[in-house]
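Okay, so here's the structure we're looking at.
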Amino acid sequence: MEAGYNTNEKNAICTGRTSIMNRLQKTYKVTKQLEEVLNVNINGKDRNAVIEQVNHLVEQRGDLLSEITSPYSEEEKQLGKELVKLNEQIQEKMNNLFDDLKVEMKQVKKQKKSNRTYVNPYENVKTMDGMYMDSKK
């Protein structure tokens, strides 16, 4: 038989087609894991671990997506539509996580400035008291 066909089964099936479906299913599984990670309430203590896990899953998913090529069967198209819907939900959740992180970073920066002002209240005071500038030469 030709290369790319499985000769062990009674009906010759293209292994390339099944491997694409397997990759789509793996991509779908990783995408669902990513959604589950983002569905958990994330607080400041867990945020670093969650971000690391999200980064790992996104990298893994990107690798799987790069391996998927056309043409697609009807099952693959249907699974692809589901992946697109999940991706939109994931993107929204990741944007919310990023916005929360930005807000927290602003609060930390404001807190540092407030602490610095408390420690040294006259740090930003610029006065020229007691100083005489002679403009003549």
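The values are calculated or read from the model by the stated rules, or taken from the named source; none is laboratory data. Computed from a prediction, not measured in an experiment: that's the story for all the values here. Cβ atoms come from the backbone with ideal geometry, glycine included; neighbour counts cover every protein chain shown.
Descriptive notes on the structure:
- Residue check, Ser70 small (Gly, Ala, Ser) and part of a helix (DSSP H, G or I): no
Okay, residues lined up against (1) loosely packed, with under 10 Cβ neighbours inside 10 Å; (2) within 21 Å of Lys29 (Cα to Cα):
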| residue | (1), (2) |
| --- | --- |
| Glu74 | yes, yes |
| Ile90 | no, yes |
| Pro121 | yes, no |
| Lys126 | yes, no |
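- For the range 1-44, taking the residues that are part of a loop (DSSP other than H, G, I, E, B) and modelled with pLDDT of 80 or more, the one that is surrounded by the fewest Cβ atoms within 10 Å (Cβ to Cβ) is identified as Asn41.
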